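The values are calculated or read from the model by the stated rules, or taken from the named source; none is laboratory data. As the structure is a computational prediction, the values presented were derived from the model and not from experiment. Please note: Cβ atoms are built from the backbone with ideal geometry, for glycine as well, and neighbour counts cover all protein chains shown.
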Amino acid sequence: MRINKYLSGCGLDSRRKCEQYVTDGRVKVNGKVLTSLAYDVKDGDYVEVDGKAVSLSERKVYIMLNKPKGCVCTSSDEKGRKTVLDFVKIKERVFPVGRLDYDTEGLLLLTNDGELAYAVTHPKNMVKKVYSVRVEGEPSDAELKRLRNGVEFNGVKYMPAKVVVLGKENNDTRLEITITEGKNHEIKNMIESLGRRVLFLKRTEVGGIRLGGLSRGEWRYLNAKEVDKLVSLK
Ligand code: URA
C-alpha cells in the first residue's frame, strides 16, 4: 500500500496531508527516513512517525464537534491557542476533516479514517456544506444573483452557491449559503467580493449530516446512519 494511504489509514491525517509528513522527513521505514512518496509499504515494514510506531489496526472513530469560536483546527498551534482536539478527550488519535476558521463556529467532523477525510474534502466529490451567515447590511437582489452565479475575489474563482435569505437582523441580513468547494475563507471571500463583511459564520451541515442541537464545545459520535452516508463517498 502506498505510503500516504498507509499513514492516513493509521489515523494520522488525510492522504494529502500525510504526503507532507513524508516530505517533511518525519516518516521512517525500518529505521530509515523515507524520501520517496512512491514507497509501497510491505508486510513486516516498521513504520514510524516522529519516532513513534504506527499501525493500521486502530478502530475507526467518527465524531462531530460543535466547534466554538476561538480555537484552531490543527492538532497543535505554534501560538499556543486552543485547538479543537482540546474538546475531544478520547484514546484514539483523531484529526479534523477540513478546516473552520478561528472565528467560525459549528459542525466539524473528526475521525482517524484518512480515506474518509480524503473523500469528504476532495473537490471532485462536491460534498455540500451549509453555512448560516450574518452579513453586514442588506445585499441587493443583484448581489445575491452574483453569489448564485459564482464570484471572483483576489484572483480566486468561487463556484455558484445556493443562497437563501433567512431574514433581516436589525440592519444586517441572515443568509443560508450552500457550497460544494471548500476553499480557504470561501464564504468570507465570497461576501467580500460584494464589498460586504461577514459578521457571524456557523456551519450547520456537511454531506447531509446536521449539527442539530449540540451545544458549543460539545461533541458526539456519529450514529450508524450518519457514518454510512459519509462512507458511501469513499
Ligand atoms: N468559509 C469561511 O470563510 N470560513 C470558514 O471557516 C468556513 C467557510
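Quick notes on this one:
- Looking across region 159-195, the residues that are within 9 Å of the ligand (Cβ to nearest atom) and assigned to a loop (DSSP other than H, G, I, E, B) come down to 182, 183, 184, 185.
- Among the residues listed as 223, 184, the single one being over 17 Å from the mean Cα position of the chain (by Cα) and farther than 20 Å from residue 148 by Cβ: 223
- Matching residues, region 41-72, being aromatic (Phe, Trp, Tyr) and either buried (at least 16 other Cβ atoms within 10 Å of the Cβ) or touching a Cys at 6+ places or on another chain (Cβ under 6 Å) (or both): 62
- Among the candidates 209, 179, 191, 187, the residue that is farther than 17 Å from residue 107 by Cβ and not acidic (Asp, Glu) is uniquely 191.
- Output for region 73-95, where each listed residue is within 16 Å of the ligand (Cβ to nearest atom) and surrounded by 20 or more Cβ atoms within 10 Å (Cβ to Cβ): 73, 84
- Close pairs from region 183-212: first more than 26 Å from residue 234 (Cα to Cα) and without any contact (Cβ under 8 Å) to a residue 12 or more places away in the chain, partner among the acidic types (Asp, Glu) and in a helix (DSSP H, G or I), Cβ under 9 Å, at least 6 apart: 195/143
- Single match in 127, 133, 165 (criterion: among the β-branched types (Val, Ile, Thr), at pLDDT 95 or above, surrounded by fewer than 19 Cβ atoms within 10 Å (Cβ to Cβ) and under 23 Å from residue 206 (Cα atoms)): 165
- From the options 114, 106, 98, residue that is at pLDDT below 95, surrounded by 14 or more Cβ atoms within 10 Å (Cβ to Cβ) and within 13 Å of the ligand (Cβ to nearest atom): 98
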